[in-house]
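Have a look at the structure below, then the notes.
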Amino acid sequence: MHSISPVLWQFLIKWLTNFAIFPPEASTIAPYADALYFFLILISLVGLIAVVAMVVTFAIRYRQEKNPVPTPIEGSTLLEATWTIIPLILFMVCFVWGALLYFRIYSPPPNAMNIYVVGKQWMWKAEHPGGQHEINALHIPVGRPIQLTLISQDVFHSFSVPAFRVKREVIPGRYTTVWFEATTPGVYHLFCTQYCGTLHSDMIGWIYAMSPQDYQAWEAGSTSGNSLAQSGERLFAALGCNSCHNSGPNAHGPNLANVFGSHLQLKNGQFVTVDDAFLRDTILNPTLHEVAGYAPIMPTYQGQVSEEGLIDLVEYIKRLDSQYRIEQTIENSAAQPVQTGTAPAETSAPALAPGTVKQ
Amino acid sequence: MSTILSLPDQSTASLPKVSYLNKEYGLKSWLLTQDHKRIAILYLIAITFFFFVGGAMAALIRLELLTPQTDLLAADTYNKVFSAHGIIMVFFFLVPVAPAVLGNFLIPLMIGARDVAFPKINLLSWYLFVSGGCIELTMMVFGGVDTGWTFTTPLSTHYLNTNVVAAAMGIFVAGFSSILTGLNFLVTIHRMRAPGMTWFRLPLFIWSYYATSFIFVLATPVIAIALVLVVLERIIGIGVFDPAKGGDPLLFQHLFWFYSHPAVYVMILPGMGVISEVVACFCRKRVFGYTAVAFSSVAIGVFSFFVWAHHMFIMGISSYSALVFSLMTMLVAVPSAIKIFNWSATMYKGSITFDTPMLYTLGFIGLFTIGGLTGVFLASMGMDIHLTETYFVVAHFHFVMVGGMVTAFMAGLHFWWPKITGRMYPESMGRIAAVILFTGFNLTFFPQFILGYLGMPRRYAAYPPEFQVLNVFSSAGATVLAVGYLLPLLYLTWSLKYGKIAGANPWQAAGLEWEIQSPPLTENFPVTPIVTHEAYDYEWLASKKGSEVPTVG
């Protein structure tokens, strides 16, 4: 060992103890993605070996010393068809398999627990419905489907968790969603994979997948005290939304109770389903979708509400499932405890239910 | 029938007294030339310069990535370096290299024409290219740009204070060079073929350049528009890509990839043309399945326009359009597979020699197969979710572009070097360089596939420490690769003065370009040739061996 410099030696030790070759499989999706990966590797190997075998065999057998006279060959329709159809079939298998995996990855189960994530240069902000706010970290329970609603405040980012084999572009001005269900408790990399400016490589974080008990403890210990819906309720009052959307007899704006998930008819005759994106659009750009039966008098809130504030508002409107809640809003103060504080999933279920029924 | 074709005795060959190289002298005779061969040389010099600038950037990138921290370059410098690497290598090396150098030199020679259809426009193309390049270099001297070569909005329009406008304008100007070159080739191939040179007697090289030219003419305007919109957005805020003004930031990526995906076929198709020529010559056989190879070039050209959104599977495009684009991408892989099998089958019952161009060709077949098959990983939508925007994409792209295109270009450069200069390169050095290049390339880029599946994102100046080992392999490979590129630069330059005299047809290759003296006359053909046989007719060539190939001078 004397001949090896200690620095080099340390390097080798460090390498051997800290050398990844395959990412951990930590979500329900990961085994499906890996199965397709291994299939693709298999057909690649078969293809590569076939080509290399042909080239090497011919190179040896028909080298000039061995075969001085070439035999002219025009071609062969049969062979041509063979190596058109076999790759075509294999590629079609890859296409179908890949498409199935794609729909599996991007179709969230209806009971998924929703968490909002805002990307901005250069950090990830996670907003749990229960009012837990995190930066460059995301705590989630294992064994439960989690849906992320993603939006960027500035440029394109991309939310990537290699251990879960999921990734979704985070786009300015548009909600995108991704879901996963972690299977193994642990700490996993979170990367921004879309180049987003100077500190792109610092826009990283950790996913903390926790057992349900640990998660509950974390959830209870980290809440800011106000659920997103509660913050949204205050913002709703502070921005004066309730002066029109108050469901009173002289209200200028539509009643927002149960509006989430419903079908609305627009002035141009089209029907839209009210979802997060629709609510966000109508707050920022009310004339984009003019709802039939209402005058286009709503002012724009562009530039007045941050993405986090919009999430709060959307979350609040989502949960407006009765007349009573709106009337309360008018004289609401922070003192009133709302049931959404501790158990977000239970309250989100009835709010989502009418939407799914109406569709 | 005669048996083996031996190389002519090069000790008796002599350089022709008059050729395009010595007809006129002086800087002016080069800078104002309308001779397609001289313009090709001008391109070769300019492009080689850009290649080594881009290569220096690559060296900096690989040095920085030796360690997980940002210790050699700060993050913003790193971003500028990889942007410069991407912009120069894509727009000022890969796109123009094969069309502008080999295409300009060879298309008229191969079809039996005296020049391209519009010689003045051809010269204008070179000036546009050089102007674009100068804008780019000036931009880099004055602070550079950190958009990446993709100019993604709204990052490029609203969030960066670097020289985005200059960078976009440089590419805009150079884009016209592509359009004009494409136009020139299309007209030349349609209108200026020698008598008897029917479409199915054309060398496959011409078929693939024909498809390339179509892409140039149809796709390049789109990126020109996209970049102008970026510039207008930055200067006067027109808001086409700005969601706050009702624009759509994703629209830019649609426009960008509508050019940039066909552009990767612009980069690879000419390489495929070169490979067809070299395989035929060194196997002394017609290319197996000529029509299949010819039409697969056209098929690639056509399909290439309908695959662009496969860069955007994770960006919230409609799932159904994602399905269509995935399907089209799978289909475009088929013609590439057909070509690979046809080249391999050409070797069957050939009489194969392994000179430098053939070594590069064999390397190309292996690397392009890996590059193409990993493309299927990315075309497979569900797999793409995990792999896109990681080093897997970087590795795939470099396998196709560097392992494929640059290797093919090296094959072509060595193959036609005697025709271009009249002198041979040193053969043993050539073989050594080819092997070094192949080894270095694999060591550099293969570990990046593994890194990609691990999830290492591209364009990261710093990365988690567990990725270091593979990155060190990659950087080590890059030094080998650098030797593989510097060697040819040295010995090819050396051979200009000291190389053996090549003679008209050192490879005993078929094709009109080999029937004239090396280096050719300015007017190429003293008498317009009449073509009576199809391409790669090595039997015909063997029977003709007795009579001397005419040389003038």
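Rule-based calculations on the coordinates, nothing more; no lab input. What you are looking at is a predicted structure, and each value in this text was computed from that prediction instead of being measured. Cβ sites come from the backbone with ideal geometry, for glycine too, and all protein chains shown count toward neighbours.
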Chain B - Kirkwood radius from inverse mean 1/r over Cα pairs (Å): 24.0
Long-range amide H partners of residue A:170 with built H, under 5 Å: A:157, A:158, A:159
Principal-axis tilt of helix A:212-222 within chain A, Cα atoms, nearest 10 degrees: 50
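Suppose R0 equals 30 Å. What FRET efficiency, 1/(1 + (r/R0)^6) with r the Cβ-Cβ distance, do residue A:89 and residue A:49 give to the nearest 0.05?
0.95
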Spatially proximal lysines relative to residue B:500 (Cα-Cα < 24 Å; intrachain offsets below 8 disregarded): B:17, B:23, B:37, B:419, B:545
Evaluated at q = 0.09, 0.12 Å⁻¹: base-10 log I(q)/I(0), Debye formula over Cα of chain A: -0.66, -0.97
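Averaging sequence separations of C-alpha pairs under 8 Å and six or more residues apart, then dividing by the length of chain A, give the relative contact order as a whole percent.
Across chain A, relative contact order equals 15 percent.
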Under DSSP loop assignment and at most 14 Cβ neighbours within 10 Å, longest GluC sites (Glu not before Pro)-free interval of chain A: A:75-330
Phi-based couplings in Hz for the stretch A:150-164 (Karplus 6.51, -1.76, 1.60; Gly and Pro marked x): 10, 8, 9, 8, 9, 9, 5, 10, 9, 9, 10, 10, x, 5, 9
Principal axis box of the stretch B:78-144, alpha-carbon based, largest edge first, Å: 48, 19, 10
Projected-area mean, the protein assembly as shown, by convex hull of Cα positions, square nanometres: 41.7
Estimated translational D of the stretch B:323-433 in µm²/s (Stokes, Kirkwood radius over Cα pairs; 10 °C; 1.306 mPa s): 101
Hypothetical label at residue B:534: residues of the stretch B:288-308 whose amide nitrogen lies under 13 Å (7 Å Cα-Cβ projection): B:288-295
Sorted by Cβ neighbour density within 10 Å, fewest at the top, the residues A:196, B:134: B:134, A:196
Kirkwood hydrodynamic radius (C-alpha pairs) into Stokes-Einstein, the stretch A:30-106, 4 °C and 1.567 mPa s, D in µm²/s: 84
Additional length obtainable on full extension of the chain from residue B:319 to residue B:238, 0.36 nm per residue less Cα span: 26.2 nm
Added length on full extension, which subtracts the Cα-Cα distance from 0.36 nm per residue, residue A:136 to residue A:39: 31.5 nm
Low-density loop positions, trypsin sites (Lys or Arg not before Pro), the stretch A:1-78 - DSSP coil, at most 10 other Cβ in 10 Å: A:66
Ranked B:497, B:37, criterion: other C-beta atoms within 10 Å, fewest first: B:497, B:37
Equivalent ellipsoid semi-axes, the stretch B:100-252, via Cα gyration tensor eigenvalues times 5, rooted, Å: 38, 17, 11
Kirkwood Rh and Cα Rg combined as Rg/Rh, the stretch A:193-301: 1.11
FRET efficiency, 1/(1 + (r/R0)^6) with R0 30 Å, evaluated for residue B:76 and residue A:12 via beta carbons: 0.35
Fully extended contour minus Cα-Cα distance, from residue A:287 to residue A:213, at 0.36 nm per residue: 22.0 nm
Pairwise centroid distance, computed over Cα atoms, of the stretch B:97-176 with the stretch A:110-157, Å: 42
R0 of 30 Å, Cβ-Cβ distance residue A:237-residue A:265: FRET efficiency to nearest 0.05: 0.55
Per residue, the convex hull volume that the Cα atoms of the stretch A:113-222 enclose (Å³): 82
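With each run of n ≥ 4 DSSP H residues scored as -39500 (n - 2.57), what mean residue ellipticity at 222 nm is computed for chain B after dividing by its residue count and rounding to the nearest 500 deg cm²/dmol?
Theoretical 222 nm ellipticity from helices: -21000 deg cm²/dmol.
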Virtual spin-label span in nm between residue A:79 and residue B:490, 7 Å along Cα→Cβ: 4.1
Ascending count of other beta-carbon atoms within 10 Å, so fewest first, for A:161, B:527, B:228: B:527, B:228, A:161
Simple label model, 7 Å out from Cα along Cβ direction - residue B:200 to residue A:224, nm: 7.3
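Taking every pair of alpha-carbon atoms in the stretch B:376-512, give the share separated by more than 26 Å as a whole percent.
Working: 3699 of 9316 pairs.
Of all Cα-Cα distances in the stretch B:376-512, 40 percent exceed 26 Å.
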Cα→Cβ-extended label distance, 7 Å offset, between residue B:141 and residue B:354, nm: 4.7
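Counting DSSP beta bridges in the protein assembly as shown, what percent are antiparallel, to the nearest 5? Could the numbers behind the result be given before it?
Details: 35 of 49 bridges.
In the protein assembly as shown, approximately 70 percent of DSSP beta bridges are antiparallel ones.
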